[in-house]
Amino acid sequence: MIEGAAWILGDNVSTDEILPGRYMGLTDLAALARHALEGIAPGLPARIAPGDVLVGGRNFGTGSSREQAPVALREAGFGAIVAVSFARIFFRNCLNVGLPVLWSAAEAREGDRLQIDPGSGTIRNMTRGTEHVVAPLPAFAQAIVAGGGLMPYARGRLGRTLVPRAGES
C-alpha cells in the first residue's frame, strides 16, 4: 500500500521535463532526485514526502527512452505514478526501476491524500472519500516492483550476483 499527497501534472509530460538531458551523466542518485521535474516544476523535489503520488495526464513520460527519468522520480520520493496513459517505454522503465504505475483517470487535486494498492488496482482519495478501481499491475510486474526493480528481481531469481550498474547495490 502506498499513501501520500497528490502532485498533479498535465498531458504530454516528456522525459526531458522529468529530467533534463543535461543531467543524464549524473550517477549520484541524490543529485538525480534534486533535478527531478526541473523542466516542468522546479523546486518540487524539496517538497515531496516519501510515498507521495505523481498524478499525470495523457501520454505521461513521452520522449526518449532514458531510464534516468523514472529513477529521478523514485529517488525524489514518489511512491507511485498514476496517469491517464503512459508512453510505453516510460511505463516499462518505471517498472524496471521499481516504481509502481497505474493507468487511471481518477480525480485528484494537488495535495489530496491518496492511497494506492497496485496489486488490487485500488486508488482511494482519502481527502474526498472516493475510490476508483483500475486494472491492477500484472503479477509479474508486481513481483519486479516488490523486488526493487528488474535487476534486483533478476538477481533474486537467478540466485547469483549480476554485475550492478552505477548507483545500484
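The values are calculated or read from the model by the stated rules, or taken from the named source; none is laboratory data. For clarity, every value in this text was computed on a predicted model and none was experimentally measured. We place every Cβ from the backbone using ideal geometry, glycine too, and count neighbours over all the protein chains shown. When the accessible area is computed, the model is the full protein with side chains, heavy atoms only, and any ligands, DNA or RNA have been set aside. Shrake-Rupley method; radii C 1.70, N 1.55, O 1.52, S 1.80 Å.
Per the listing Phe60, Phe91, the residue uniquely among the aromatic types (Phe, Trp, Tyr) and closer than 23 Å to Ala154 by Cβ is Phe91.
Take Leu99 and tell me if it is crowded, with 19+ Cβ neighbours inside 10 Å, hydrophobic (A, V, I, L, M, F, W, C), within 21 Å of Ser64 (Cβ to Cβ) and at pLDDT 95 or above. Spelling it out, Leu99 is indeed crowded, with 19+ Cβ neighbours inside 10 Å, hydrophobic (A, V, I, L, M, F, W, C), within 21 Å of Ser64 (Cβ to Cβ) and at pLDDT 95 or above. The residues listed here are Gly98, Gly119; of these, the one that is in contact with a helix residue (DSSP H, G or I) (Cβ under 9 Å, 6 or more places away or on another chain) and free of Cβ contacts under 8 Å to residues at least 24 places away in the same chain is Gly119. Residues in segment 4-45 that are in contact (Cβ under 8 Å) with a residue 24 or more places away in the chain, part of a loop (DSSP other than H, G, I, E, B) and over 14 Å from the mean Cα position of the chain (by Cα): Gly10, Asp11, Asn12, Met24, Leu26, Thr27, Asp28, His35, Gly39, Ile40, Ala41.
Rundown of residues vs (1) over 24 Å from Asn125 (Cα atoms); (2) touching a Leu at 6+ places or on another chain (Cβ under 6 Å); (3) of a type in the set (Ser, Thr, Tyr), yes/no style:
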position: Leu29; (1), (2), (3): yes, no, no
position: Leu32; (1), (2), (3): yes, yes, no
position: Ala41; (1), (2), (3): no, no, no
position: Phe60; (1), (2), (3): no, no, no
position: Arg88; (1), (2), (3): yes, no, no
position: Pro100; (1), (2), (3): no, no, no
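Among the residues of segment 111-146, count how many are of a type in the set (Asp, Glu), within 21 Å of Val97 (Cβ to Cβ) and open to solvent by 70 Å² or more (accessible area, probe 1.4 Å).
Here is the first cut: in segment 111-146, the residues of a type in the set (Asp, Glu) are 112, 117, 131.
Next cut, within 21 Å of Val97 (Cβ to Cβ) only: 117.
From what's left, open to solvent by 70 Å² or more (accessible area, probe 1.4 Å): none.
Qualifying residue count for the region: 0.
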